[in-house]
Amino acid sequence: MKNFKAGTYISQGSFKSFVPNEINRIWQIDDPEVIGLLSKADRQLGRLDMYSEYIPNLDLLSECM
């Protein structure tokens, strides 16, 4: 991920536009800290999903946030 480049700027007359690179590719994550944070985030999303079963109106909840 250290060499990741999100895209490039191209000149279009009097302005530049940003053209993103494709993101549908295989990511190689070698940093153990990043792997640990992704794992923690995944567990928290699982907990949040579990609690969603007990909330009668999820749309109302998301409007309050």
Q: Go through the stretch 20-41 and count every residue that is touching a residue at least 12 places away in the same chain (Cβ under 8 Å), exposed (fewer than 10 other Cβ atoms within 10 Å of the Cβ) and not in a loop (DSSP other than H, G, I, E, B).
A: 1
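Just a yes or no: is a residue in the stretch 42-51 in a loop (DSSP other than H, G, I, E, B) and either touching a strand residue (DSSP E or B) at 6+ places or on another chain (Cβ under 9 Å) or loosely packed, with under 10 Cβ neighbours inside 10 Å (or both)? Show your work before the answer.
Restricting attention to the stretch 42-51, the residues satisfying the condition of being in a loop (DSSP other than H, G, I, E, B) are none.
No, because not a single residue in the stretch 42-51 is in a loop (DSSP other than H, G, I, E, B) and either touching a strand residue (DSSP E or B) at 6+ places or on another chain (Cβ under 9 Å) or loosely packed, with under 10 Cβ neighbours inside 10 Å (or both).
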Q. Residue check: is Glu22 among the charged types (D, E, K, R), under 20 Å from the mean Cα position of the chain (by Cα) and modelled with pLDDT of 90 or more?
A. no
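The values are calculated or read from the model by the stated rules, or taken from the named source; none is laboratory data. Since the model is a prediction, treat every value here as computed from it, not as a measurement. Cβ coordinates were reconstructed from backbone atoms using ideal geometry, including for glycine residues, and neighbour counts include every protein chain displayed.
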